[in-house]
Structure formats: structure tokens, C-alpha cells
1. Share of antiparallel DSSP beta bridges in the stretch B:172-269, in percent to the nearest 5?
2. For the stretch B:19-113, what does the alpha-carbon gyration tensor say about shape, rounded, prolate or oblate, given a ≥ b ≥ c as the root eigenvalues, a/c under 1.5 as rounded, and a/b over b/c as prolate?
3. Where the label is 7 Å out from Cα toward Cβ, how close does B:VAL219 come to the same position in every other copy, in nm, shortest first?
4. Across peptide A:380-393, how many C-beta atoms of other chains are within 10 Å of each residue C-beta, on average?
5. Taking every DSSP beta bridge that has both residues in the protein assembly as shown, what percent is antiparallel when rounded to the nearest 5?
6. In whole percent, what relative contact order does chain B give with Cα contacts below 8 Å and a gap of six or more residues?
7. Summarise the partner chain shielding of B:321-330 as one whole number: the mean count of Cβ atoms from other chains within 10 Å of each residue's Cβ.
8. Quick one: plug the Kirkwood hydrodynamic radius of the stretch B:278-394 (C-alpha pairs) into Stokes-Einstein at 4 °C, 1.567 mPa s, and report D in µm²/s.
Number of protein chains: 2
Amino acid sequence: MNHPHENHTPQGVTAAAGFRATGITAGLKASGTPDLALVVNDGPLKNAAAVFTTNRVAAAPIHWSRKVIADGRAEAVILNSGGANACTGVEGYANTQATAEATAGALGVDAADLLVCSTGLIGEQLPMDKIQAGITAACAALQAGAGHDGGADAATAIMTTDSVSKQAGFAATGYLIGGMAKGAGMLAPGLATMLVVITTDAELEAAELDAALRAATRVSFDRADSDGCMSTNDTVILMASGASGVRPDVTEFTEGLTGLCTDLARQLIADAEGAAHDISIRAFNAASEDDAEEVSRAVARSNLFKAAIFGQDPNWGRVLSAVGTTTAAFDPDELDVAINGIQVCRSGCIGDDRSLVDLSGRDVLVEINLHAGDAEATIWTNDLTHDYVHENSAYSS
Amino acid sequence: MNHPHENHTPQGVTAAAGFRATGITAGLKASGTPDLALVVNDGPLKNAAAVFTTNRVAAAPIHWSRKVIADGRAEAVILNSGGANACTGVEGYANTQATAEATAGALGVDAADLLVCSTGLIGEQLPMDKIQAGITAACAALQAGAGHDGGADAATAIMTTDSVSKQAGFAATGYLIGGMAKGAGMLAPGLATMLVVITTDAELEAAELDAALRAATRVSFDRADSDGCMSTNDTVILMASGASGVRPDVTEFTEGLTGLCTDLARQLIADAEGAAHDISIRAFNAASEDDAEEVSRAVARSNLFKAAIFGQDPNWGRVLSAVGTTTAAFDPDELDVAINGIQVCRSGCIGDDRSLVDLSGRDVLVEINLHAGDAEATIWTNDLTHDYVHENSAYSS
């Protein structure tokens, strides 16, 4: 399920001026669908920021890209699906470096300014002959002058188990932000691999981009928790070309970026593997935002709760069981829980008739009143379904 | 699947001298199967110890039994299936107290020495008329002089979604330990509710029982982690009658108790809801036992890993992804992983051919070499299956 965009804000990584992109088929995936994407910043600015998975078992492209972004500058991002290049040792790192060098060579830029992202199965070496040929094809496509409207192709080429491609856009006064995403998960932790590239033609320094990106991801991608599993490859990249000539108000930019990241995060959750319900878990009246997030995340990770929602069973006892495992401030005898507006638990005890709860729709809202303060946080997750088990047991991914 | 007992050690809560037990049908469960169990200690000693769920949302019988056990003395345990009596407020606590008082009255003992356990759906009041009638029937059955071989009936009456009843026994020089268990889970955390009652005719003080029980549960029930969910009702009780007249070596007793708890814990995992594989995850060469346990538990809680095992896919990348989320001491480039004896990951990189791994049997052993010390720990878990989703979505439990 995709979120409809009723306005006409340009979407994707080529929405903002100064960027070209393409997505081509290098033959990495058995399906024969596009699997190699390239996003190039034509400037004049080449400022960039990125956040990466906190998984200590990080893929080769994570190690490479961390070095690239250290100086706040990037010329381009090359992304492949069809292989994560994780747990691939020295050979894997050499393959990431070769990918960056081949792309940089074809573009006429420094390989040290080339970000690399990979997604797919862990523990297999990439077929570098196909990658090299794909890079040549992708760069040739861009150098012919095309690619100013290639964002959608790039968004398609990074898909793995995604059923739809994901793009978003935000238009401010005089500048644009656009982005693409793949996967169904988050930064820390993440289901499958999440890769996100966001571009803007605003004039911002690297440090400003970094601060805005961290503020935005903290309350968007970090709040999406589909199955509690953290990927080795999660990456969110933000690049600024400055091509609009507009220096934005940093607060407005951060708010716009946060909205765009939230849009993409919710698209990821809506397309999570095998999900039948999109569940928002909101803890409020918490002593702190951290408490609210801990409580919401504990519920989001309860397999018993998630299976109950799949079965359209408003089993609030499983919500309280999960809340009870946290260190958040609350009195068990004061907890209130509402599911889709029905107050099924009041003061830690039986509330309104649970049979009044309607779980037949796709969206589920669980609201937990901790009666301990005025902070809140929402985690977005999915139910645990037969299709989740099927997709994650029948295929290596 | 039950573990075969090839020897003829007496099993269950009436194996040891000085105990009587029964299990009857009070009509709490729609199925009409037995649902009320009573275990009585005839002494001469009435020493006891217990460990309870650490869930902060604890059921009424947990609050009651914590008070009862505080003085290290217990006359009997009354256990019901068919209702957890959790999130039931003041009325729920009064119902637990009434249960203890009715049982104590019929037995002619002090209600303050009556332990109470409940298991079933959270958030519903118990039908106290049925409970009261059931207590009368259970006590009458015991007072007729029967119950010395009632352990098996008691083990049956505490079952909920269990497919088989669970008993175990340990015979030492001159004394016995016996026990029963229900559920498929653990103390912290626990799937469904785990209730365990263990009896011994050894002569031991309450403080000795408490120390032995905590030592035993730490490496048995606490290492069983079927689905990462912690119950509101988990309880493990140990009672000593001293009827053998034998004062045991405390070390020998603790080892025997640990073996018995491990036996019961593995029976629980083997009967976990919907499981198709019993998985042992052993982390070794760890810097500390805590590190080893953290690593093993992280893998045991990865839905992606557990779904892969269900699909007979030796997806070692999902093992490493989970290990990478921990704080344990290790170098990602030194991790080795073997699945059922095949070294699929060597030095953090691709090892032997994963297609050599045979996952067609029920038992799976994952071994993770952290190369950081000489400590180890094993967590027992299950795979994530269609039947798990079905059992936990189709029925409230």
C-alpha cells in the first residue's frame, strides 16, 4: 500500500535542481529487474551527510561510505540491489572500492567522494564483472545528458522485496527536497535493508545537513520498527547541490526534511514484508520521550501482540505484558490502553468491552497513557502474519 | 515432543515423600479438561522458596505469593488454568485471597502459608463460584487419604496450550526431587505463562532452597526463550518436606535441581506453541558468561533468523546481523558460526558451503565462536512458524 500524494510536489532524487539519476539492469538479480542506481550531484555545492546502521557487523559499503562522508562532501552515490556485500571480508571491501573507483572514473571525479550502498543477501561476493559493466552503462546513460528525470528509475532499481518503489518530495519557498527509499525497516534496528537517498537544491553546509538529518531520522526512520531486526547495510544519505541559490531557514528545512523522512518511513512500513496491518503505537503522558519510545517499542516487538493484531484480536493483556518489561516510569495500576479508540484497559484493569474494537481495517492505533508526565512518542510497526513467515522462510534474503 | 526418560526415576510433585497432589475439573476451561491442581506438603518441614516473573505488570497471584513466600514457609500450592487473574485490579486480588483462604480452610492450615498460581487469558475475572466448588472437591479428594500418586493429575490440570504434560525427577542418595511444569517459556522473559512446582523430601532450610533455586533457574528456565515475551504470571516454586530424614550435600542438591530444571525447561521448549524446530544457540569463547548469554539471546530473538530455520535455510547472515546488535566483546572479523556442525561462517566471512547444512531434523545447534575469552552460555529457542502465528492469532490466550 502506498500513501497517495494529492498535491503535485515533485518527488524523488531528481526533484531538486542539480541532480541526475538513473536505474539500470546489471543482471545482479535473478528476476532480471533493474538493480543498479546512480545519483549524481552536479553542484555547485557538493555538501553531504549520512547516517548508517549501528550494527557492529557492518557491510563493506558501510565501512567505505563512512570514510567518504567524513569530510562532508560527496559527488555521487552508486547503489546496487541483488547483494548486500556483508560478511565478505577483504575481497568484499576491495569490491566496494572497485565499484567506487569505476564509477568515479567514468564520471571524472575522485573515488574518495563516491558513496556506495548495497542491499541483498548477506554472505555472498558480488559478481564484479556485471557490476563493472553496469557502471559503464549507467554512467553512459547520464553522460548523454539524460538523467534529470531519472529519479523514478533509480527508485525502482534499489528495490528488493519491496512491492512498490518509494519516493517523496517537499517544496519550500525557493527550494526543493526529494528522496527515495527501499526496504521495510529502519536505521536501528532495521528489517531487511533500508537505503534512502535524499537530495536538495538548498544552500546548506555539511554540518547543517548533518544536524538536520540526525534530527529528522531520530523521529522518523528510527521510529519505524517492523520486526526488531537490524540490518548490516542501512544507510540514509542527504546531498545538497545549492542549485536553487536559496539559503533556507534551517528550522524550516529541518521540519521539511523531517516530514519527508516520515513520509518515506511510513511508506516502508506500509510495504513491510507480509504485513496485513500498519500499527501505530503511541505512548503519551510519559515522564520523558525516551520512556515513551521504550514503551512503544516494547509493544512493537511483542510477537504475541503482533500475532493477535493479525488475528483481529484486541488482546490488550499482551500490550500490558510488554509495557511491564520496560524501565519507564509508570504505576501498573494507572495504565490506560485504547485500541482504535476503544478504552479496553482503564487503571491497569478491565475497561470497555474489547469486542467493540474494530480491527478489520489496515490501520491500527494503540494508545498507552502512562500517567507519568507530558512526553510522548509513536513507533510504527506491522502485525506478525503467515505471509511474514512465508516470505522470510521460503527465500534467502 | 516429549523427552524420553529411559531410567525409572520417579517423576512429578508426588515423587518425593511427604507430598500429596491432585488435579480436578472445576469448569474454568471451555474445553472441560482438568483446570485446578493442588499440591500439599505434609512435612515434617514446610520450607519453601520461589522465583517470580520480573514483569512489572504482575498478576494478582504473584503479588499474593510473594508475601506468602517471604518467611520461607508454605503448606500448599493451589494452581488454576483457565484464567491468569492479571490486570484484574482490586477484585482480582480479593479473588486470589479468597482462593487461598478457601483452600487453607479446607486443609486446616493458615492462608498466609498458601501459595496461589494462575494461568490463562489476561484481563478477565475468575469465576469464583467454580473455583470455590473446585477447591472443595480437590481438598476432599486429598483428605480421603488419596493423592500420594496424584502428581500426574496435577501436571495435567495446569496445562493450557500445552500438548503434553511435563514432569521430571532426580534421585540422589536417600532423597528425591520431583517436579511438574506447564507453558512454553521462561521466567524472564516468558512465552505464555510458565508455572513450575518442584518438591523434595530432603532436609533443607528455606535459605538453602532459595539459593539452590536461584542458581538452578538462572541456567535453566532463564535460558529458555521461545519468543522473547515475558508473562505476568511466571512462577517457580520449590518445597521441601524433609520426610526422607536426609540432609543432603548442598552442592549435590543444587546440581540435581539444576538438572531437573533443565529437563523441564527443555520439555517446555520442545512443546512450544507451533514450533517445528528446537534450536540451541551456544555462544562460546566469550569474554564473560553475560556476553555469551547476550549474544545467544539476541540470535534467539531474531524473527528473521527464526523464520529462516523454519524454512530450513541456514541463513548465517541473520545470525551475524543479530550478534552485531549486542554489546558483547568480539571482533566482527573474527566471528565463526557453525550450524549443525557445518562451519558456514569463518572469520566473519563466507565459510563452508551452506548447502551442506541439514535442517530437516527437529534439533538445530548454532555455535558462535566469539574468540574473546573462555566463557559460554546456551539459549534454547524455537523457530518462527505458520503454526505459531496461527495459534497466537486465532485464539485469545
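1. Counting only bridges with both partners in the stretch B:172-269, antiparallel ones make up about 50 percent.
2. Details: a/c = 1.72, a/b = 1.13, b/c = 1.53.
In terms of gyration-tensor shape, oblate.
3. 4.9
4. Counting Cβ atoms of other protein chains within 10 Å of each residue's Cβ and averaging gives 5.
5. On the way: 92 of 130 bridges.
Restricted to the protein assembly as shown, the bridges split so that about 70 percent are antiparallel.
6. Relative contact order for chain B comes out at 18 percent.
7. Details: counts 16, 6, 3, 11, 10, 3, 1, 1, 0, 2.
Shielding by partners across B:321-330 averages 5.
8. This corresponds to a translational diffusion coefficient of 92 µm²/s.
Values quoted throughout were computed directly from the atomic coordinates according to the rules given, and no laboratory measurement underlies them. Keep in mind it's a predicted model, so treat the numbers as computed, not measured. FYI the Cβ positions are ideal-geometry reconstructions off the backbone, even for glycines, and counts take in every protein chain you see.
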